[in-house]
Amino acid sequence: MTTTLTMVKTGGKYANEKFFGVRHVQCVLCFFCLAMSYAWRVNLSVALVAMEEPRTDNSTNSSTESGQDDSAKGLFDAEEYYKFTESQSSYMLSSFFFGYIVTQVPGGYIAQRYGAKILLMWGLGIAAVMTMISPLSLKLGGWFALCCVRFAMGLSQGAVHPATHSLLSKWSPAEERGILGTICYSGAQFGTVVMLATSGFIADSFMGWPSIFYLGGACGFIWILFWYFFSASTPEEHKMISEGELKFITESRSDGKMQSAEKLAPTPWVAIFSSMPFLSLLIVHCTHMFGFWLLLTQIPSYMKNIYDVNIKSSALLSSLPYMVMLLMSFFFVWLSKVLQRKEGVSLSLNRKLFNSIGHWIPVFSLIALGYVPREDAALAVTLLCLTVGISAATYLGFQVNHIDLSPNYAGTLMGLTNGAANVMSGIAPLAVGQIVQDRSSVSDWRLVFFLAAAFYFVGNLLFIIFGRTEVQWWDSPRDRENREDAEQGTPLAPNGHNK
């Protein structure tokens, strides 16, 4: 009698391949993990505008006339407003990244050795607490205290990307890597959109700007419950996965040799840092994040000071480019699938094509953005949507190249490149603070956009020249010395034991 396992593969297709499976549940959970992570990062860019701008009398009067009691008013009290210098604002926006870079590599190593589940749960839990106490820290200790809280939040979130990459390397079949990676990382745009679109209304409501932090942090604790019950670090550890889906994942997740945690060789640091494919990946990740976070943190300020857009309208317009990016990410997944079916389109060409779309088209739109006159806000928004939206193509470019190069050390590679890239993310708002001496000066902002365009151009050029998609020899360094030590296609058992 034919068993389930013998019927797992039929006609070159796995029975579970086309259905929504447990692997997709992991990616949906990671989607919301990334959504909250990015929402908590970007909330300050809108809140800073709201902190300096007292609410309208209508909102204050309506809350008073509605019979709001003193206890409720105390909880949502937003009557304290601040006047920050450009330098102070830059430090508050950058402090998150200086904490974030510290835990990148340790986070990747821990996820690689001990699993991503607990690491992400604790990281998001601490970040949720830091988010909720942000208004109190500002009230008690001023802007410097808020910098410290943001630094601690950065420390707790440092492992998010490396752990997600480590999870993807265990859960994603090679041919689904693009779509599953896009599901996970498009959560960043979703969180950005929701935060930017709603925070202006929240700040202008009876709850006031502190509720931007309170409501965001509360969502984190809801996510933790779902993550605890429905996630697992590897398919082998998940209690609800079917035998068919498990076999499909373990037999197709890598063309190389996926090794268990116990058999995995020590991280080959020298080989990694002498690898040109890795170094080009490192550089393009840095240049991408500089441009991306420069726009993400500065769009609200740019819209308000150049086009005199109020806090609610600024938040909505600032979120629009990231909504476009969210939608474009799935269009590019479809386009990638179409190209994969065509002969002569290699994985390397696919990666470099999409990376070029995501970086070189924004070069031209950023240059054009620098010449948009004050009275043409609609054109500015259009160019911002093009610049940010088209960058979704990089999800199919460099952003999954870590797993291409080394499935076994993907978490560590992401920790290395994302750590370095977020140094650039922290430098970006500081650079704006030095360049933009007058926030209402179009010429000052033009220099900012030119700088971002230059970074995008150089980074992608190096990736085209030196980037590779083949699994590197140092992914299984012990295999060069003794091929019998490598585990060809051996599934990862729970807790790293062999099956």
Suppose we keep just the alpha-carbon trace of the range 271-475; what are its Rg and Dmax in angstrom? 17.7, 56
Give me a comma-separated list of calculated 3J(HN,Hα) values for the range 126-138, in order, Karplus coefficients 6.51, -1.76, 1.60 applied at θ = phi - 60°, integers in Hz, x for any Gly or Pro. 5, 4, 5, 5, 4, 5, 5, 8, 4, x, 5, 5, 5
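Pairs Lys117/Lys337; Lys170/Lys247; Lys117/Lys170; Lys247/Lys352; Lys83/Lys304; Lys139/Lys304: which exceed 20 Å Cα-Cα?
Details: Lys117/Lys337 30 Å; Lys170/Lys247 12 Å; Lys117/Lys170 12 Å; Lys247/Lys352 31 Å; Lys83/Lys304 16 Å; Lys139/Lys304 25 Å.
Long pairs (Cα-Cα over 20 Å): Lys117/Lys337; Lys247/Lys352; Lys139/Lys304.
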Tally up the carbon and sulfur contribution to the accessible surface of the range 271-475 as a whole percent, 1.4 Å probe, everything protein left in place. 69
Starting from the Cα-Cα distance between Phe466 and Ala378, subtract it from 0.36 nm times their residue separation and give me the gain in nm to one decimal. 27.8 nm
Give me the net charge for the shell around Ser233: Cβ to Cβ below 10 angstrom, other residues only, Lys and Arg +1, Asp and Glu -1. 0
Expressed per residue, the solvent accessible area of the range 147-294 in Å² (1.4 Å probe) is about 32
For Cys148, placing the label point 7 angstrom along Cα-to-beta-carbon and taking the range 85-129, residues whose amide nitrogen sits under 16 Å are 92, 95-96, 99
The range 271-475: relative contact order as a whole-number percent, Cα under 8 Å and 6+ apart: 42
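What's the FRET efficiency of Leu430 with Phe273 using the Cβ-Cβ distance as r and R₀ = 25 Å, to the nearest 0.05?
With a Förster radius of 25 Å, E is 0.40.
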If you put +1 on each Lys and Arg Cβ and -1 on each Asp and Glu Cβ, how big is the dipole of the range 271-475 around its Cα centre, in Debye rounded to 20? 240
What is the gain in length, in nm to one decimal, between Lys83 and Glu243 on full extension, counting 0.36 nm per residue of separation less the C-alpha to C-alpha distance? 51.6 nm
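The values are calculated or read from the model by the stated rules, or taken from the named source; none is laboratory data. Quick caveat: nothing in here was measured; it's all calculated off a predicted structure. Because the Cβ atoms are built from the backbone with ideal geometry, glycine has one as well, and the counts that use them run over all protein chains shown. The protein model used for the area step is the full one, side chains on, heavy atoms only, and it has no ligands, DNA or RNA in it. Shrake-Rupley method; radii C 1.70, N 1.55, O 1.52, S 1.80 Å.
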